[in-house]
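Undergrad: Before I ask anything, here is the structure I am working with.
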Amino acid sequence: MNNFLNGKSAAMMLALSLVNVTAAFAQDDNSSAKEEGNRNVMLNAASANGPREIQIGLPSADVNVLENGLPVTYATNPHSVNTIWRGDASLSHQGLLKIAETAITTGNIGYAVNSFTQKGQNGFNGTLNYKSNHFGLQEFSLNMNGDLGKDWYYSFNMYQDFDPGTFKIKSTPYQDRTQIYKALLTKKYNGNRGEFTAMYKYANSHNVYSYATQSAPFIYVGDGSVKEYGDFKLGTTSYLPVDNDMTYRDMRTGELKQTSLYDACLNKTSEVTLMNNYRFDNGLNWKAILKYDHSRGAMVYQSPMSIIDLKSAANQGVYNYMYRDINGQTKAYDGQYVQTRMSCLNAGKIDEALFTTELSKKFSTSTFRLGVNEWFYHIDYCSNTTMYDQSVPADGSYALRIWDANKRDSYFYDFNKNASEYYKGSENKLALYFTHDWDVTNKLNLYYGARLEWQKLKGENAAVKNAKGEFVGRFADYYLGATAPDKTKIAPADLSYNWLNYDFSVAATYKLTDNFGFTGDFTYIVQHPKFEAFAPAALPNTDKISVPLGRAGIYYNNSWLSLTSLFSYISKTNNNSTLNLQHGSEIKAAPMAYDIQTWGWTTDAVAHPFKGFDFHFLFTYQKPTYKKYETSVTFSDGTPGNINATGNIVAEIPQILIELDPSYMITKDIKLWTSFRYFSKTYANINEAYYFNGHWETFGGLNWQATKHLALGCTVVNFLNQTGAKGSIAGAELITKDEAKGIKNQIMTGSYLRPFTVEFTASLKF
């Protein structure tokens, strides 16, 4: 689903933290370096096995990751990065691409994780990594590589993940079960000036975490704090029924089908990559990378609705909820609360061919690059949606599937009525780009680049119009071939677009003294909607999407301190999203386009005050606000749903962020480290009605290089053992400030903080 701020994209934040991209120009001896400092990108408070999102002030639902110079996946819905890539023993390098580098070479705004697969080396070499935690995680990765003689080299990689998660789910065996295999064959030629590599990758992943960790009940106190509901423990008690089956109606055929949620989120990938690098006598370097993959991408979401209090005076006699006991006998449900959940079964068959070639040459005072991207993406995608009701047990037991006997005689209903999606076709991008990194003088460094991109979309979707030219929208039992209530025949609608996109970036650093100087950069991106924006029942705004990002400030370096302080501005126009507005047990999908604007100030410092001790400090103040954020729907009972959030602080986004990262080398082989991240108050709905108080994300650990070949580590996640909620509150989009004033000690659902976790790691090199 392409849904912003609906609880499914809890990672979406509009922060300006970690934005010292220009500092790298001042601090790096090699000003042409493409990467930032890593900034603990794999230290993720939301996941045990994926990179965290590096925030820049724009909404995002996933992390940009490159492998061997190409995106790991062209589109993260329905094929998420974590299903086909892990930061494991198969990688020879991991880094963080600068914003300008990401913009020019990929056309995306933001930082990107940059990784390269381990190729064969002389002799026989191996790395075996192991990771576990006290919840039962078992993660293994193995790389073996060597030479075959006559300039031939091999490399084999295996990754296995068995993760039960932090809570006791019964519906599936694991929260994450992923296996990835890679095999590489490399030939060096022409006196080692050239290197050709062929790689095959196979990945199989069940990403249960995409729906199993999204919501939990808690008591909203009313002062920004929450407390646990009964015996339900946030972060460790499962809020899923034991039953793993799901009934749905196929969007393409109209057939009523059944699947398990574990099978529904199966991702499979077969991928072939060809890489060639060649160094000419004149210093010119040429690289070419071609990747083709055939995949099934899938992601299951569950959106919780508002909670119904069956014991309230207004609801007496209105509902008649039933359930089946262990013997299959029908019994009346006598609990107090019921919650409706919408399940979205997103899946698509994907074929993509990505090609990048680049020429580069380093001169005495500059480095020049010229590159071409040819990226082709084909997908046949749909999101089948279904509704069911479940109990909200106060005793911490597993939720029961229940049904209202006054309305129906089965668990599942309203197939494809809410937020179902469909599109099929191809997207092609052909781009030309260049960069020039130039030491104009010994005091002035100038970096600039540009990208010109042709984008073509061609295919079909289900944005169907009636005889009046109005979008029909979705209805119960919607599918291709169905007939709408107004007698409109539902048939795929053709779409075809051709756009010209462009990006440019410039950064400058001026050394006023050997230690002090000025730094600034400006990146401007013009893009158009990707194919996935055409998934909802109405066409998106197809106007250009412009993103200006500007920063300016100072830097100071000496033998023990590197400091950068920057003022920042970023905005985005025509941000396409689908907002799911809830009223009772009904969801209305409201496609919309809006603007976002963020002003901020960031100070970043890295200090080495004495031998063995390192300290990183980051402080960000920001004000992210909605612009032109208005939408409205009318529910089936005639109730209007209106939102005007223009000028409001963006939901889920703190205005103050702090990072503290001290570390100390106790001996030359033992390192003690901690990491503190503070997020100030965040609003939990678009109208600034609900909010959560600030909280800390904390990490700490001990790393020991036990021998030349063996490294051991212990990490504690959330060592302050904070519990509570974060993100948005389910079903609260339409609640106003005035309505929220009288809401105290009320049960709600939302996302929760990752609980206290002890992790153990071992790495053996041989």
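The values are calculated or read from the model by the stated rules, or taken from the named source; none is laboratory data. These numbers come from a predicted model, not from an experiment. FYI the Cβ positions are ideal-geometry reconstructions off the backbone, even for glycines, and counts take in every protein chain you see.
Undergrad: Condition first: over 15 Å from Asn428 (Cα atoms), in contact with a helix residue (DSSP H, G or I) (Cβ under 7 Å, 6 or more places away or on another chain), among the aliphatic types (A, V, I, L, M) and in a strand (DSSP E or B). Can you find one or more residues in segment 501-514 that meet it?
TA: yes
Undergrad: While we're looking at this one, here's another question. Mind listing whichever residues of segment 625-650 are within 27 Å of the chain's Cα centre (by Cα) and under 18 Å from Pro591 (Cβ atoms)? Before you say what the answer is, go through the steps one by one.
TA: Within segment 625-650, the first condition is being within 27 Å of the chain's Cα centre (by Cα), and the residues that meet it are 625-631, 643-650.
Once the filter is applied, which keeps residues that are within 27 Å of the chain's Cα centre (by Cα) and under 18 Å from Pro591 (Cβ atoms), segment 625-650 yields Tyr626, Lys627, Lys628, Tyr629, Glu630, Thr631, Ile643, Asn644, Ala645, Thr646.
Undergrad: Is it the case that Gly553 is touching a helix residue (DSSP H, G or I) at 6+ places or on another chain (Cβ under 9 Å) and among the small types (Gly, Ala, Ser)? Spell out the reasoning first.
TA: On the way: touching a helix residue (DSSP H, G or I) at 6+ places or on another chain (Cβ under 9 Å): yes; among the small types (Gly, Ala, Ser): yes.
Yes: the conditions hold for Gly553.
Undergrad: Please tell me if Cys382 is modelled with pLDDT of 95 or more, within 30 Å of Asn108 (Cβ to Cβ) and assigned to a strand (DSSP E or B).
TA: On the way: modelled with pLDDT of 95 or more: yes; within 30 Å of Asn108 (Cβ to Cβ): yes; assigned to a strand (DSSP E or B): yes.
Spelling it out, Cys382 is indeed modelled with pLDDT of 95 or more, within 30 Å of Asn108 (Cβ to Cβ) and assigned to a strand (DSSP E or B).
Undergrad: Would you please list the contacts, defined by Cβ atoms under 8 Å and residues six or more apart or on different chains, that run from a residue in segment 188-206 that is of a type in the set (A, V, I, L, M) to a residue that is surrounded by 14 or more Cβ atoms within 10 Å (Cβ to Cβ) and in a loop (DSSP other than H, G, I, E, B)?
TA: Met199/Asn68; Ala203/Ile84
Undergrad: Check segment 398-410 and report whether any residue there is on the phi > 0 side of the Ramachandran plot, in contact (Cβ under 8 Å) with a residue 12 or more places away in the chain and assigned to a loop (DSSP other than H, G, I, E, B). So that I can check it myself, show each step before the final result.
TA: Residues of segment 398-410 that are on the phi > 0 side of the Ramachandran plot, as a first pass: none.
Among the residues of segment 398-410, not one is on the phi > 0 side of the Ramachandran plot, in contact (Cβ under 8 Å) with a residue 12 or more places away in the chain and assigned to a loop (DSSP other than H, G, I, E, B), which makes the answer no.
Undergrad: Any residue in segment 697-708 that is under 18 Å from Gly612 (Cα atoms) sitting within a Cβ distance under 8 Å of a residue that is surrounded by 15 or more Cβ atoms within 10 Å (Cβ to Cβ) and among the β-branched types (Val, Ile, Thr)? List the pairs, counting only those 6 or more apart or interchain.
TA: Qualifying pairs under 8 Å: Gly700/Thr674; Gly700/Thr715; Gly700/Val716; Gly701/Thr674; Gly701/Thr715; Gly701/Val716.
Undergrad: How do the strands (runs of 3 or more DSSP E) wholly within segment 640-706 filter down when requiring 1 or more residues that are within 25 Å of Lys227 (Cβ to Cβ) and out of contact with any Cys (no Cβ under 7 Å at 6 or more places or on another chain): which remain? Please lay out each step first, then the result.
TA: Details: elements: 640-644, 656-665, 670-679, 695-705.
In segment 640-706, 656-665, 670-679, 695-705 are the strands (runs of 3 or more DSSP E) which contain 1 or more residues that are within 25 Å of Lys227 (Cβ to Cβ) and out of contact with any Cys (no Cβ under 7 Å at 6 or more places or on another chain).
Undergrad: In addition: So which residues in segment 720-763 are assigned to a loop (DSSP other than H, G, I, E, B), touching a Phe, Trp or Tyr at 6+ places or on another chain (Cβ under 9 Å) and surrounded by 18 or more Cβ atoms within 10 Å (Cβ to Cβ)?
TA: Of segment 720-763, the ones assigned to a loop (DSSP other than H, G, I, E, B) are 720-724, 730-736, 742-745, 753-756.
Okay, now just the ones that are also touching a Phe, Trp or Tyr at 6+ places or on another chain (Cβ under 9 Å), so 720-724, 732, 735, 743-745, 755-756.
Listed by number, the residues that qualify are Thr723, Gly724, Ala732, Ile735, Phe756.
Undergrad: Being touching a Gly at 6+ places or on another chain (Cβ under 8 Å) and more than 19 Å from Phe135 (Cβ to Cβ) is the filter here, so list the residues in segment 205-230 that pass it.
TA: Selection gives Ser215, Phe218, Ser225, Val226, Gly230.
Undergrad: List the number of the failed condition for Phe434; all other conditions in (1) in a loop (DSSP other than H, G, I, E, B); (2) at pLDDT 95 or above hold.
TA: It is condition (1) that Phe434 fails.
Undergrad: Take segment 169-204 and flag every residue that is outside any strand (DSSP E or B), out of contact with any Gly (no Cβ under 9 Å at 6 or more places or on another chain), of a type in the set (S, T, N, Q) and closer than 15 Å to Asp263 by Cα.
TA: Step one: filter segment 169-204 for residues outside any strand (DSSP E or B), giving 169-175, 190-193.
Within this subset, residues satisfying the condition of being out of contact with any Gly (no Cβ under 9 Å at 6 or more places or on another chain) are 169-173, 190-193.
When the remaining residues are screened for being of a type in the set (S, T, N, Q), the result is 171-172, 190, 192.
Listed by number, the residues that qualify are Ser171, Thr172.
Undergrad: Picking from Ala605, Ala590, which residue would you name as being assigned to a strand (DSSP E or B), within 24 Å of the chain's Cα centre (by Cα) and among the aliphatic types (A, V, I, L, M)? Let's see the steps before the verdict.
TA: On the way: Ala605 fails: within 24 Å of the chain's Cα centre (by Cα).
Residue meeting the stated conditions: Ala590.
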